[in-house]
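What follows is calculated from the coordinates using simple rules that are stated; it is not laboratory data. The model shown is predicted, which means the values in this text are computed figures rather than measured ones. No Cβ is skipped: glycine too gets one built from the backbone with ideal geometry, and neighbour counts run over all protein chains shown.
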Amino acid sequence: MESKDWPLVIFTIIVQLAMGMILMCVGFDGYLVSKAGMETAQKVMQWVIFLTAPLLIIGLLVSLFHLGHPEKAMKAFYNVKTSWLSREGLLMGILTMALCFLAILHIFGPVSRDVIKPILWTATVLSLILVFCMSKIYLLRTVPSWNRNTTPIAFYTTTILLGAVAYAVVCVSGVPPAQGRWLAEILSVLAILALFLVGIQSVIISVGLFTGEGESSPKEGIVPGWKKHSRTVILRIVLAFAGLGLFGVAIFTSFLFIVYPVFIFILVSEIAGRFFFYATHERVGI
Amino acid sequence: MKNELRFNQIAFYVDMTLCTGCKACMIACKDKNDLDVGVNWRRVVEYTGGEWVKQGHAWRQDIFSHYFSVSCNHCNTPICVESCPTTALCKDKNGIVSLDRDKCIGCRYCEWGCPYGAPQYDEKNNLMTKCDFCSDYLEEGRDPACVAACPTRALHFGEFEELKKKLNGTVSPAPLPRYELTDPALIIKPHRNARPVGFKGGKISNPEEVRWNPKIGLW
């Protein structure tokens, strides 16, 4: 893992954060409408759209820094037939355009939910496929440390976890405080979801560190990169659980502003996790 | 001038029993292709290992060391071609995996997957580079530079299927990867001390020459 991979770390995290927010927005929209009313649900949805569109654009721009020739980036769509990188790029472009279109619609005035919802649902499906494409890029048969069933699971958990904490921030900051029980309820659901996802990630980290078969069996019983970056993994786990703890404090004390540091903790934890993921690249052969 | 050499699938043949590790092939390749420091399309690997083994009441050593020359093996199922998002890498005439520099965007995805370290990054032009089997020489009916330079005749080239028949199939000794991964067009006559694929008791003792590149961080 060297400096040239930082754009990839930032790109994947930013884009997964945006996609997670879209998933949460669509997933909790019905609940919000029934509990908090149409106006609040509309406001939260608007916030999500205004945040995800620029995030996706920033993600795309950051990804260009990884290329030797960013000016030729459009050529990355040429090999959709076999390259997962092409497929990712194509879906990424469509998703960004869809969210930018929604954002522009909102800028020019109130938009009917009948217009927004089908586009957001399409964006949700695209996001789910895109996370799969992103993970498939790393399932290279010559890189055993990446070519594991846990890689797609890890990508999905990161997406949903980041989306959950970001959605909590949107709910807290996007609508007037103390709007009743719905906010506490929704934060509790998001906190339980986050706890579940961090639990899955902890299992994935343990499985990833100590297991493997044949050529993928880790040297000295541990994956490549562990010795050099063990502190990064520990930092990731500590931050994730600290974030969860703070999430609990925010809910039980009703000091809702605490969701901001929760988001920061989880975000930094996920960046550390992705950094370590790239550091574990070790292919077979010479 | 000789006639152009044509193949269905061109392949390298490496006789490990003859390779002395002189690196003439490596230098010839660098010279012919004017490769920059750190970019080595052909590399000579020194693979060593062994330890003290107890035999009855005595201890004996089973150390080994041997050389082999490796470059792009123009695989039949090349992971670099599958991965390349721009189609800059493709299987060319003669079965050569060739690179179109105009299409390459320098994403380095091909570099991640190739188990032979064949695609290498050119820091000056921000593009990938790789062995093209000296296709210009082949058009002139000449041998590739590495093959022509080998003083012990450890390196040959020819039609893959014919070489395979002549040498009773293919083997892939350590530290090379399993053959099935990319189906390389490479025939090896193994050294007597060659270890089977997946053997973990040896190491590449000249990694700076084989893997070193000033800015290829993942290595």
Check your understanding: For the Cα atoms of chain B, what angle does the longest principal axis make with the long axis of helix B:24-33, in degrees from 0 to 90, nearest 10?
Key -> 20
**Study point:** Ellipticity estimate at 222 nm from DSSP helix runs (n ≥ 4, -39,500 (n - 2.57)) divided over the protein assembly as shown, nearest 500
**Key:** -16500 deg cm²/dmol
**Study point:** Out-of-range pairs (alpha-carbon distance over 23 Å; input B:103/B:130; B:23/B:200; A:4/B:124; A:228/B:30; A:81/B:93; A:4/B:103)
**Key:** B:23/B:200; A:228/B:30
Exercise for review: Find the eigenvalues of the gyration tensor of the Cα atoms of the protein assembly as shown, then list the square roots of 5 times those eigenvalues as equivalent ellipsoid semi-axes, largest first, in whole angstrom.
Suggested key: 51, 27, 16
Practice item. Quick one: P(r) of segment A:3-279 from all Cα-Cα pairs, 5 Å bins, percents rounded to integers, in order of increasing distance. Key: 1, 6, 12, 16, 17, 16, 13, 10, 5, 3, 1, 0, 0
Study note, to complete from the structure: What the 10 Å binned alpha carbon P(r) of segment B:105-219 shows, as percent of pairs per bin from 0, is 11, 32, 40, 16, 1
Point to revise | GNM result for chain B, Cα springs below 10 Å: residue of B:178, B:60, B:101 fluctuating most strongly | key: B:60
Check your understanding: Considering every residue in B:69-81, what mean count of other chain Cβ atoms within 10 Å of its Cβ is obtained?
Key -> 1
Review point. What are the ³J(HN,Hα) values, in whole Hz, obtained from phi via the Karplus relation 6.51 cos²θ - 1.76 cosθ + 1.60 with θ = phi - 60°, for each residue of segment A:251-267 in sequence order, with x given for Gly and Pro?
Key: 6, 6, 9, 6, 7, 5, 4, 5, 5, 5, x, 4, 4, 4, 4, 5, 4
Review point. If you plug each phi of segment A:130-137 into the Karplus form 6.51 cos²θ - 1.76 cosθ + 1.60 with θ = phi - 60°, what whole-Hz ³J(HN,Hα) values come out, in order, with x for Gly and Pro?
Key: 5, 4, 5, 4, 4, 6, 5, 4
Exercise for review: First measure r as the distance between the Cβ atoms of residue B:166 and residue B:55, then evaluate 1/(1 + (r/R0)^6) with R0 = 41 Å and state the FRET efficiency to the nearest 0.05.
Suggested key: 0.60
**Study point:** Convex hull of chain B built on C-alpha atoms - directionally averaged projected area, nm²
**Key:** 13.2
Exercise for review: For chain B, just give the cysteines left without a disulfide-compatible partner, judged by no other Cys Cβ under 4.7 Å.
Suggested key: B:19, B:22, B:29, B:75, B:84, B:90, B:104, B:107, B:114, B:134, B:150
Check your understanding: How high is the FRET efficiency from residue B:203 to residue B:183, r the C-beta distance, R0 22 Å, rounded to 0.05?
Key -> 0.25
Check your understanding: Packing-wise, with mean Cβ within 10 Å as the measure, how do B:128-135, A:118-125, A:77-84 rank, highest first?
Key -> B:128-135, A:77-84, A:118-125
Practice item. Determine the shielding of peptide A:78-89 by partner chains: average, over its residues, the number of Cβ atoms on other chains within 10 angstrom of each Cβ. Key: 5
Revision key, fill the gap. Looking only at lysines whose Cα falls under 16 Å of residue A:35's and that sit 8 or more positions away or on another chain, we get A:43
Revision key, fill the gap. Per-residue average of other protein chain Cβ atoms inside 10 Å, peptide A:141-149 -> 3
